[in-house]
Structure formats: structure tokens, C-alpha cells
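Working notes, structure below.
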Amino acid sequence: MIEHAKHSVPASVFVSAFKRCGIDFITTVPDMLQIALHQALEDPVHGIRTINCTTEDQAIETAAGLYAGGRNAAVLVQNQGFYAGINSVRALGLDSGVPLFFIIGQFGREFANLGADPLQSKRRMVRMLEPLLDTLEIPYWRLEGPADSANIERAWHASRERKGPAALLVGHFIGF
Amino acid sequence: MMMTLDVCKVLADVREDAVVVCTMGAMNAFDKLPANPLTVACVPLMGGAASIGLGLALARTERKVFVVDGDASLLMELGGLVAVAQAAPANFFHFLVNNGIQFAGLGNLATPGHANVDFPALARAAGYRACYQFKTIEEFQAAIATILAGAAPAFIELVVGYDQPALGVANPAVEMTDARFTRMGDEIREIRAQLGVVEVFP
């Protein structure tokens with residue numbers, strides 16, 4: 001029996017962190033692990049507008065345009081979506097020095113790997129993410145449970161301070 | 001036949017305080033016109049202009065955003081038409097400079113579907129609020145003020161010609177400059193400065 005609460009961070013924790021960071025836009029191709037967060041953000045009371053895109057490239061580019069206009073965006077995608085958007089990450093985050101705050105769900109992670117090292121996942125989809133980020137020289141923080149909640153803001157601030165991409169890796173379904 | 005430079009001259013004349021996101025041939029044309037600090041070239045990032053423009057339009061609703069796209073570039077992220085229409089920025093003007101080829105003036109390779117894709121119909125079906133097509137600079141000049149005063153997001157296809165290819169036996173290669181890889185970031189930072197964005201981490 002999986003004790004989900006042990007590995008999940010509630011959506012409300014994300015929303016509160018977003019507000020403290022001044023995040024006013026989400027750009028996204030929605031992620032299965034982040035459904036609770038996507039649903040929470042639909043509530044207009046939070047004042048955070050979601051822009052749904054048809055590809056992760058667009059989510060990254062729209063976030064960069066928002067940055068150019070002086071707004072603060074988080075890019076919510078899943079691991080395979082991040083893989084699909086690498087050229088936009090390269091162009092805008094790395095070559096152009098645009099701060100990009102990624103929240104990347106570890107889609108496909110087997111429950112047997114929860115609480116263990118994602119690098120030991122039997123799924124290539126999961127275990128290739130961190131080595132890829134290392135290759136791209138993108139700093140990242142794991143979110144493996146409630147004790148890691150402060151990593152949401154750490155990753156956000158890192159993206160701003162380094163003027164480039166930084167990522168939060170969501171290891172399990174966000175809690176409702 | 002009108003050329004990309006003709007189109008960009010018209011846009012430069014009417015832009016006022018609009019932010020311009022240009023790419024591909026339009027970038028080369030704007031580079032031949034007087035510099036404007038509210039212009040950003042989407043390069044090298046084929047396909048990204050419309051979405052960068054979308055973000056700018058959502059961030060700065062008080063001013064117009066012109067996206068000056070290319071046909072092959074738009075095709076690369078065609079779903080972006082839907083994302084723009086869904087977000088529905090009323091200050092977003094999407095100009096498509098359609099010459100039907102890629103590497104215009106360099107290699108002149110046919111764009112997929114160049115002979116039969118109906119771009120305004122695609123934009124209309126996606127949900128753009130106004131769609132136009134122009135084949136002469138005179139018609140475009142006569143209509144631009146009305147377009148900019150009308151409904152948006154708007155999509156304006158401009159059918160243009162192209163120069164002969166420069167690459168060949170006598171000129172077999174061109175080198176990319178370093179600036180080609182750094183200008184987009186520099187121009188984004190300049191736009192932020194022009195818009196008065198306060199840098200938290202200068």
C-alpha cells in the first residue's frame with residue numbers, strides 16, 4: 001500500500017509559494033502529476049492566469065515573452081514535455097539568459113521507486129531527466145515529499161539569480 | 001510584387017510604441033531599417049515568434065504587439081494559432097510574411113504546402129478575431145490603419161516575392177556570427193529597460 005501523503009506536496013503549498021514569489025502567470029502543457037495544481041489554479045481568487053499551450057516550446061516562449069514584458073511566469077510541464085522543448089530551452093534560457101522556472105513532473109515514475117533515488121528508476125523517462133539537466137548545466141531541486149517544500153522557492157530564486165533556467169522536479173502526484 | 005522590406009517599412013511607419021517580434025526574413029528586413037529598442041528578433045529559434053509575442057501582449061496590454069512571422073516558421077508551431085486565439089489578447093497583431101520558401105535569398109527551398117495552404121483560413125478556424133490577406137503594398141498600406149483599429153488578435157497574410165539565392169558554387173557557405181546567438185537576449189533585456197521593468201537581480 002502506497003502512503004501517498006508521504007510523497008505528495010499539496011497544491012495549496014505550491015499556490016502559496018507562487019504568491020510569495022510574485023508569480024502571476026503559468027504557461028503549460030498540463031502534466032498528469034500536477035493535475036491537482038492545475039485544477040487549483042483554475043480558481044480566479046489566486047490571481048494567477050494559466051496560459052494553455054499546444055507544445056512545450058510555446059510554453060517556454062510565452063514565458064519568455066511574459067518576462068520581456070515584466071511579468072513572472074512558471075512553466076509547468078512533464079518530463080517528456082521538457083525533452084520536447086530543448087531547443088527553446090537552449091535558445092531562450094541558455095543562449096539568451098532568460099530566467100525560466102520549470103516545474104517538471106516525473107511522469108511514469110513507478111511507485112516502487114518512491115522514496116528511492118529517481119536515478120535508479122527502471123523507466124528511462126524518469127532516470128534520464130537529471131543527467132540531461134546536468135548536461136544542460138541547469139540546476140534542479142527534487143520535490144520528493146512535504147519536507148522538500150522549500151525547494152519550490154529555491155528553484156524560483158535560482159532562475160532569477162542565475163538569469164537562466166532552473167527546475168523543480170516533482171517526484172509524485174501533487175496532493176489535492 | 002511586394003517584398004519583405006516593403007512590408008516592414010510600412011510596419012515601422014505605423015508601429016508608434018508597439019513592441020515588434022520579428023523572425024526569419026522579416027528580421028533581416030528590420031535590420032536594414034533604423035533601429036528601435038522595442039524590437040526583438042526571434043533567432044535562432046524558428047517557430048517561436050508568435051509565442052514570444054503572445055507573452056509580451058499578455059504582459060503589456062496597454063500597447064500593441066506586432067509579430068512579423070514567416071510561413072515556414074509559423075508552420076513549425078502551427079498550434080500556436082490556437083494558443084493565441086484561446087488567450088485572446090486584444091493587442092496582438094500577427095503579420096505573416098509569406099514568400100513560400102525557406103532560406104529566402106540564400107537557398108530558396110520550397111516551404112511544405114507553399115502552393116495551397118490557406119493561412120488566413122487556418123487562423124480564422126483557430127479563433128483569430130480578424131483575418132486578412134494582401135498581395136500588393138498599396139492595398140496593405142491603405143488598410144493598415146483600419147486593421148490596427150479593429151478586432152484582435154488579428155492575422156494578416158502578406159504575400160511577398162523573394163530574391164535570387166546567394167549560395168552556390170561561387171559562394172558555398174556563410175558563417176553565423178556570435179551576435180546571432182546573443183542578440184535575442186540582449187534585445188529582451190533592452191525591451192524590459194524601455195518598459196521600465198525594475199530588475200530584482202540586476
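The values are calculated or read from the model by the stated rules, or taken from the named source; none is laboratory data. All figures in this text were calculated on a predicted structure; none of them were measured in a lab. Every residue, glycine among them, receives a Cβ derived from its backbone with ideal geometry; neighbour counts consider all protein chains shown. The area values use the complete protein model at the heavy-atom level, side chains included, leaving out ligands, DNA and RNA. Shrake-Rupley method; radii C 1.70, N 1.55, O 1.52, S 1.80 Å.
For the range B:82-102, indicate whether the set of residues that are part of a helix (DSSP H, G or I), touching a Gly at 6+ places or on another chain (Cβ under 7 Å), away from chain A (no Cβ under 12 Å) and surrounded by 24 or more Cβ atoms within 10 Å (Cβ to Cβ) is non-empty. No, every residue in the range B:82-102 fails to be part of a helix (DSSP H, G or I), touching a Gly at 6+ places or on another chain (Cβ under 7 Å), away from chain A (no Cβ under 12 Å) and surrounded by 24 or more Cβ atoms within 10 Å (Cβ to Cβ).
When the range A:133-149 is limited to residues that are without any contact (Cβ under 8 Å) to a residue 60 or more places away in the chain and more than 15 Å from the chain's Cα centre (by Cα), the one that is least open to solvent (accessible area, probe 1.4 Å) turns out to be A:L136. Against the test of being assigned to a loop (DSSP other than H, G, I, E, B), open to solvent by 30 Å² or more (accessible area, probe 1.4 Å) and either more than 10 Å from chain A (Cβ to nearest Cβ) or of a type in the set (D, E) (or both), the options B:Q164, B:Q133 yield a single qualifying residue, B:Q164. Applying a threshold of 8 Å to beta carbon distances and a minimum spacing of six or more residues, or different chains, the list of pairs starting in the range A:76-101 at a residue that is more than 14 Å from chain B (Cβ to nearest Cβ) and among the aromatic types (F, W, Y) and ending at one that is buried (at least 19 other Cβ atoms within 10 Å of the Cβ) and assigned to a helix (DSSP H, G or I) reads A:F82/A:E56; A:F82/A:V89; A:F82/A:L129. Reported count of residues in the range B:185-200, each being touching a strand residue (DSSP E or B) at 6+ places or on another chain (Cβ under 7 Å) and at the interface with chain A (Cβ under 8 Å from one of its Cβ atoms), is 2. Of all the criteria given as (1) under 19 Å from B:L5 (Cα atoms); (2) in a helix (DSSP H, G or I); (3) open to solvent by 80 Å² or more (accessible area, probe 1.4 Å), the one not satisfied by B:I144 is (3).
Screening B:R124 against (1) open to solvent by 90 Å² or more (accessible area, probe 1.4 Å); (2) in a loop (DSSP other than H, G, I, E, B) leaves a single unmet condition, (2).
Candidates are the residues of the range B:167-180 that are more than 16 Å from B:M24 (Cβ to Cβ) and within 12 Å of another protein chain (Cβ to nearest Cβ); the one that is least open to solvent (accessible area, probe 1.4 Å) is B:A179.
For the range A:1-31, the tally of residues that are at pLDDT below 95 and buried (at least 18 other Cβ atoms within 10 Å of the Cβ) stands at 0. Criterion applied to B:V7, B:V14, B:V21, B:V67 was being aliphatic (A, V, I, L, M) and within 8 Å of another protein chain (Cβ to nearest Cβ), and the one residue passing it is B:V21. Restricted to helices (runs of 4 or more DSSP H) entirely inside the range B:1-64, those with at least 1 residues that are open to solvent by 50 Å² or more (accessible area, probe 1.4 Å) and in contact with a Gly (Cβ under 8 Å, 6 or more places away or on another chain) are B:24-31.
Every residue, every condition in (1) within 14 Å of the chain's Cα centre (by Cα); (2) touching a residue at least 24 places away in the same chain (Cβ under 8 Å), yes or no:
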position: A:L129; (1), (2): yes, yes
position: A:N151; (1), (2): yes, no
position: A:K163; (1), (2): no, yes
position: A:A166; (1), (2): yes, yes
